[in-house]
Amino acid sequence: MTARRPGGEPEDSQDRPGGMSRRQLLRHGAWFGGAVVLTVVGGEVISHVGGAAAAAADDPNALRFVQLSDSHIGFHGPANLDVTGSFTRAINQVNGLDRRPDFVMHTGDLTHLSTPAQFDQVHQMMGELHTGKVFVVPGEHDSVDDHGEKYRATFGAGTRGDGWYSFDIKGVHFIALVNTLALEKLGHLGVDQLEFIERDVAGLSSDTPIVVFSHIPLFAMYPTWGWGTDDATQALSYLRRFSSVTCLNGHVHQLFSKTEGNVTFHSATTTAYPLPHPGQGPAPIPLTLPAGALGDALGIREVTYETGQHDLAVRDRKLA
Ligand SMILES: [Zn+2]
Ligand SMILES: [Zn+2]
């Protein structure tokens with residue numbers, strides 16, 4: 001077991017969490033100024049923010065949820081010839097966890113092309129998850145031709161506006177955002193949703209832990225490729241007074257973590273196919289890995305939180 005602070009001394013290693021070598025992981029940390037301590041254990045990347053991970057993982061009463069992302073059901077290409085099979089493996093992996101998660105959140109790009117058949121399929125597949133509740137936020141692939149109508153018809157019950165909502169479980173306040181419907185180049189929340197966030201948290205005490213889900217990152221991961229949200233700063237300004245804020249996103253199909261002020265951001269990997277690391281290549285197009293290497297780039301994320309702790313423990317696991 002080794003712990004390294006991103007931006008620290010690089011070392012040679014063949015560990016490939018999420019398809020990223022440890023050297024690359026460190027280099028990315030250095031580029032983006034991350035301050036999250038990442039531990040690589042047998043191919044898992046575990047983020048210890050404040051060292052809460054071990055305690056929360058052992059506590060049967062701790063809040064526990066899983067993040068899945070970017071299943072792209074309906075994708076056909078050499079980068080993954082069987083996205084349905086990969087997503088099935090991810091679901092089986094969730095169902096095989098030591099403890100049943102309180103809920104599972106899918107952070108978008110459920111489908112590849114928003115067809116009715118793809119929505120039916122992914123909806124049915126997620127019905128197989130052994131969990132208390134399944135939540136989703138949409139990706140831009142879930143609204144390719146209809147501003148998210150089919151998405152909301154399938155998954156939008158109980159949501160507001162274009163599909164945003166919030167909920168509370170075990171003392172943690174969760175906010176699920178839609179930043180994929182008014183895309184210019186970057187993700188966008190819009191005035192209505194910003195007002196929703198402001199009102200939504202107005203009555204909460206500042207020590208309430210906040211977790212925000214969105215498809216596109218709420219931090220500037222790589223704006224050149226649209227990996228950021230143009231009005232995220234406004235959204236995060238409403239969360240500035242909270243002592244613990246964690247933002248979990250998809251879209252970039254690779255692991256990345258960083259902390260800015262009171263907010264820690266964790267980009268998740270995918271169950272479908274990897275994308276290049278920021279700036280490595282002309283565009284974020286599906287990467288075809290050498291035979292046998294795909295599973296290492298795909299994965300699921302387990303998150304635990306123990307009441308009274310400051311931080312969430314985030315554990316990224318490769319697809320089994
Ligand atoms: Zn995606
Ligand atoms: Zn996306």
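The values are calculated or read from the model by the stated rules, or taken from the named source; none is laboratory data. Quick caveat: nothing in here was measured; it's all calculated off a predicted structure. Here Cβ is always computed from backbone atoms with ideal geometry, including for glycine, and neighbour counts include all displayed protein chains. SASA here: full protein model, heavy atoms, side chains in, ligands and nucleic acids out. Shrake-Rupley method; radii C 1.70, N 1.55, O 1.52, S 1.80 Å.
What about P101, is it farther than 14 Å from T270 by Cβ, at pLDDT below 95, away from ligand 2 (no atom under 15 Å from the Cβ) and not in a strand (DSSP E or B)? No, not satisfied. Elements of the type strands (runs of 3 or more DSSP E) sitting completely within the stretch 201-262 and holding at least 1 residues that are closer than 18 Å to T180 by Cβ: these cover 210-214, 245-249. Cβ separations smaller than 7 Å between residues 6+ apart or across chains give the following pairs from the stretch 106-119 residues that are among the charged types (D, E, K, R) and modelled with pLDDT of 95 or more to residues that are assigned to a helix (DSSP H, G or I) and open to solvent by less than 10 Å² (accessible area, probe 1.4 Å): D109/D142.
Per-residue answers, yes or no, for (1) buried (at least 22 other Cβ atoms within 10 Å of the Cβ); (2) over 19 Å from L181 (Cβ atoms):
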site: V83; (1), (2): yes, yes
site: V94; (1), (2): no, yes
site: T131; (1), (2): no, yes
site: D145; (1), (2): no, no
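Give the residue that is nearest to S206 (Cα to Cα), with candidates limited to residues of the stretch 305-320 that are open to solvent by 10 Å² or more (accessible area, probe 1.4 Å) and not in a loop (DSSP other than H, G, I, E, B). Here the answer is Y305. Check whether at least one residue in the stretch 275-298 is within 16 Å of ligand 1 (Cβ to nearest atom) and part of a strand (DSSP E or B), and report yes or no. Among the residues of the stretch 275-298, at least one is within 16 Å of ligand 1 (Cβ to nearest atom) and part of a strand (DSSP E or B), which makes the answer yes.
Filtering the stretch 58-88 to residues that are of a type in the set (A, V, I, L, M, F, W, C) and part of a loop (DSSP other than H, G, I, E, B) leaves A62, F75, A79, L81. Screening T271, T233 for residues that are in contact with a strand residue (DSSP E or B) (Cβ under 6 Å, 6 or more places away or on another chain) and either at pLDDT 95 or above or of a type outside the set (F, W, Y) (or both) leaves exactly one candidate, T271.
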